[in-house]
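The values are calculated or read from the model by the stated rules, or taken from the named source; none is laboratory data. Because the structure is predicted, anything quoted here is derived from the model rather than measured. Neighbour counts run over all protein chains shown; Cβ positions are idealised from the backbone, glycine included.
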Amino acid sequence: MKIAIFGQYYQNDTRPIIKDIFLFFNSNFVELVIEEQFLEILYKEEILKNKYNTFNTHTCLDKTFDLLISIGGDGTILRAATYVKDSGIPILGINAGRLGFLAKVQKDNIEQFLQFVIEKKYTISERTLLELDCTQENQELHELNFAMNEITVSRKDTTSMITIDTALNNEHLNSYWADGLIISTPTGSTGYSLSCGGPVLTPEVKGLVITPIAPHNLNARPLVIPDDTEITLKVSGREEQYLVSLDSRIATLNNNAILTIKKASFSIKMIEIKEEPFLKTLRNKLLWGEDKRN
């Protein structure tokens with residue numbers, strides 16, 4: 001078995017988790033290939049001493065890899081997806097962060113879940129991605145023009161709201177007057193969109209969510225649309241530029257730029273452990289049932 005490992009290091013909180021992971025895989029003779037910068041940190045912190053092969057771009061990962069393990073929170077998984085890209089390599093998230101809807105494996109039962117991985121006792125959840133095309137050339141959006149959680153447009157150097165003219169399949173929907181607009185996948189529905197009042201979608205739903213950020217018109221509500229819809233956005237405002245973000249990657253665009261957002265031609269495969277299904281994660285993370293009156 002050959003596994004790629006990418007992660008974030010959170011000082012002492014992450015150290016025992018990382019040690020347990022490497023101890024388990026080394027004792028099971030698994031070939032490990034570590035993301036370059038992450039490995040440098042582990043050497044510097046003297047967590048690892050053995051030499052490992054490394055990767056630093058998505059071109060380094062091919063079909064010989066069985067999976068990629070992400071150590072951190074959901075943000076780490078979103079960055080891991082940029083390494084996997086369209087290779088089809090599944091991702092397993094180990095939660096060393098806080099909330100963690102995507103990072104399913106908790107630190108209390110790492111060894112048990114990693115044994116499931118060795119024995120391939122898991123299923124695959126296909127996660128929809130969003131793809132962005134822009135009429136303005138931008139190097140930051142050229143190669144990694146996809147998002148696993150959401151694509152967001154928002155105001156830049158102003159406290160004034162922006163206007164986002166929005167069309168679905170070339171039919172005008174609305175001109176949102178707001179701080180911004182979120183286009184979310186089902187995976188991202190538990191992220192930024194949820195904090196702005198959007199609905200939760202289960203991962204298998206073939207839909208997208210359009211959620212305004214602090215809209216001036218209070219009747220502008222989140223909208224669920226089919227995932228084969230092509231969304232066109234044109235932004236205007238007092239400032240000449242605005243921000244567009246693809247998950248954690250942010251670029252600056254001019255107001256005359258037109259954005260086209262649609263479902264990407266490939267998906268990201270997430271490893272699902274039977275003992276940690278989505279609905280259980282939802283109950284635990286949102287504290288459903290914690291009210292003693294239930």
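For (1) touching a Ser or Thr at 6+ places or on another chain (Cβ under 6 Å); (2) farther than 30 Å from Gln112 by Cα; (3) modelled with pLDDT under 95, each residue gets a yes or a no:
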site: Pro186; (1), (2), (3): no, no, no
site: Asp228; (1), (2), (3): no, yes, no
site: Glu239; (1), (2), (3): yes, yes, yes
site: Val244; (1), (2), (3): no, yes, no
site: Arg249; (1), (2), (3): no, yes, yes
site: Lys262; (1), (2), (3): no, yes, no
site: Ile268; (1), (2), (3): no, no, no
site: Lys274; (1), (2), (3): no, no, yes
site: Asp291; (1), (2), (3): no, yes, yes
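Are any of the residues in the stretch 43-50 more than 25 Å from Glu111 (Cβ to Cβ) and surrounded by fewer than 22 Cβ atoms within 10 Å (Cβ to Cβ)? Yes, the stretch 43-50 has at least one match. Of all residues in the stretch 56-83, those satisfying the criterion of being buried (at least 22 other Cβ atoms within 10 Å of the Cβ) and closer than 15 Å to Phe146 by Cα are Ile77, Leu78, Ala80, Ala81. The lone criterion from (1) without any contact (Cβ under 8 Å) to a residue 12 or more places away in the chain; (2) farther than 30 Å from Ile91 by Cα; (3) surrounded by 14 or more Cβ atoms within 10 Å (Cβ to Cβ) left unmet by Asn284 is number (2). The condition (being outside the structural domain of Asp165 (by TED's automatic domain parsing) and closer than 22 Å to Leu129 by Cβ) is satisfied by just one residue among Glu272, Glu230, Glu276, Glu204: Glu272. Residues of the stretch 181-211 that are touching a residue at least 40 places away in the same chain (Cβ under 8 Å) and under 20 Å from Leu253 (Cβ atoms): Leu181, Ile183, Tyr192, Ile210.
Candidates Ser160, Ser154: the one that is surrounded by fewer than 22 Cβ atoms within 10 Å (Cβ to Cβ), within 30 Å of Ile231 (Cβ to Cβ) and at pLDDT 95 or above is Ser154.
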